[in-house]
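Enquirer: Pasting a structure below so you can have a look.
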Amino acid sequence: MIRNRGSFNHSVLLPAWLLQGTRALHRPLFILLLILFSAQALAQTQPTSDIPRSVPKSTIQKEESAIPTQPSAPTQLWSETPIHGQRCRRTILYRGEILSCDSVIASDAAGLRPILDQTPEALAELEAYQKGRRDIRRLAYIGSGGLALAFLGPTIARFIPDPAIQSTLSSILTYGGIGLTGGVVLFGGVTLRNNEKHLDNAVRLYNQANPRDPVELQFSTTFAF
């Protein structure tokens with residue numbers, strides 16, 4: 001019996017199912033090795049510009065100095081100074097200085113109170129003046145209510161089903177509102193004129209009690225267009 005020693009038949013040593021399993025792994029292993037080699041080749045061919053470099057300190061300082069310290073604001077589209085058609089401004093001349101007579105809220109002569117504080121008679125006149133200004137403001141609200149009543153009178157009367165009563169009620173509300181507004185305007189004008197006398201008396205009484213330290217009330221009318 002003669003054996004061929006130059007060849008090796010591996011089917012004699014390994015089972016058939018094992019040989020089929022190892023052959024099935026050859027192609028996936030080859031593909032995986034190909035992907036790994038391709039990825040390594042791409043990593044080696046990347047440009048060197050992506051590598052972070054250290055920025056000089058002078059460049060950083062130059063860029064920081066170019067940053068504004070305050071945020072910039074857009075250009076305003078309106079004027080900062082309010083426009084008034086006509087304005088009457090009251091001032092006080094006291095100890096060589098010109099002071100504001102009224103507060104920013106209303107024409108209440110609040111600037112005189114610190115000056116007249118040591119003169120009880122003048123201070124009482126000033127308080128009467130300020131009370132009169134508050135009463136005049138209330139009259140203005142009543143006059144506005146009269147105008148609203150005259151304007152809404154016909155609309156309110158429509159809720160009455162009887163036409164005769166509806167017409168009568170509409171006339172009463174309309175003419176009543178107009179009359180109320182007219183009466184308020186007349187009474188407010190007289191009250192305002194009499195109330196200004198309290199302010200004049202306050203300044204006069206103070207100057208009589210302090211002749212060496214007088215106060216003068218000034219008026220200035222300005223027109224702005």
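The values are calculated or read from the model by the stated rules, or taken from the named source; none is laboratory data. Because the structure is a prediction, the values reported are computed rather than measured. Every residue, glycine as well, gets a Cβ built from its backbone with ideal geometry; the counts of neighbours run over all protein chains shown.
Enquirer: Which residues, counting only those in segment 94-126, are of a type outside the set (S, T, N, Q) and surrounded by fewer than 14 Cβ atoms within 10 Å (Cβ to Cβ)? Before the answer, list the steps.
Expert: Within segment 94-126, the first condition is being of a type outside the set (S, T, N, Q), and the residues that meet it are 94-99, 101-102, 104-106, 108-117, 120-126.
If the condition is that a residue be of a type outside the set (S, T, N, Q) and surrounded by fewer than 14 Cβ atoms within 10 Å (Cβ to Cβ), then Arg95, Gly96, Glu97, Ile98, Val104, Ile105, Ala106, Pro114, Asp117, Pro120 are the ones that fit.
Enquirer: Just to be sure I understand the filter: pairs with C-beta atoms under 8 Å, separated by 6 or more residues or on different chains, first member in segment 104-116 and closer than 18 Å to Leu192 by Cβ, second member at pLDDT 85 or above and hydroxyl-bearing (Ser, Thr, Tyr). Which pairs pass?
Expert: As it stands, the answer is Ala109/Tyr129, since those pairs meet every condition given.
Enquirer: Let me spell it out: the conditions are (1) under 19 Å from Asp102 (Cα atoms); (2) under 40 Å from the mean Cα position of the chain (by Cα); (3) not charged (D, E, K, R), and Ala124 meets all of them except one. Which number is the exception?
Expert: (2)
Enquirer: Looking only at residues that are under 30 Å from Ala128 (Cβ atoms) and hydrophobic (A, V, I, L, M, F, W, C) in segment 150-193, which one is surrounded by the most Cβ atoms within 10 Å (Cβ to Cβ)? Let's see the steps before the verdict.
Expert: Taking segment 150-193 first, the residues under 30 Å from Ala128 (Cβ atoms) are 179-193.
With hydrophobic (A, V, I, L, M, F, W, C) added as a condition, the list becomes 180, 184-187, 190, 192.
On the way: Leu180: 17, Val184: 22, Val185: 13, Leu186: 10, Phe187: 14, Val190: 9, Leu192: 14.
Per the criteria, the residue is Val184.
Rundown of residues vs (1) in a loop (DSSP other than H, G, I, E, B); (2) modelled with pLDDT of 85 or more; (3) at negative phi, yes/no style:
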| position | (1), (2), (3) |
| --- | --- |
| Gln76 | yes, no, yes |
| Ile83 | yes, no, yes |
| Arg89 | no, no, yes |
| Ile92 | no, yes, yes |
| Gly111 | no, yes, yes |
| Ile115 | no, yes, yes |
| Glu125 | no, yes, yes |
| Gln130 | no, yes, yes |
| Arg138 | no, yes, yes |
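Enquirer: Could I ask something else about it? Considering only residues that are surrounded by 13 or more Cβ atoms within 10 Å (Cβ to Cβ) and in contact with a helix residue (DSSP H, G or I) (Cβ under 8 Å, 6 or more places away or on another chain), which ones fall in segment 205-222? Before the answer, list the steps.
Expert: Let us first name the residues in segment 205-222 that are surrounded by 13 or more Cβ atoms within 10 Å (Cβ to Cβ), namely 205-207, 209-210, 214-215, 217.
The answer is Leu205, Tyr206, Ala209, Pro214, Val215, Leu217.
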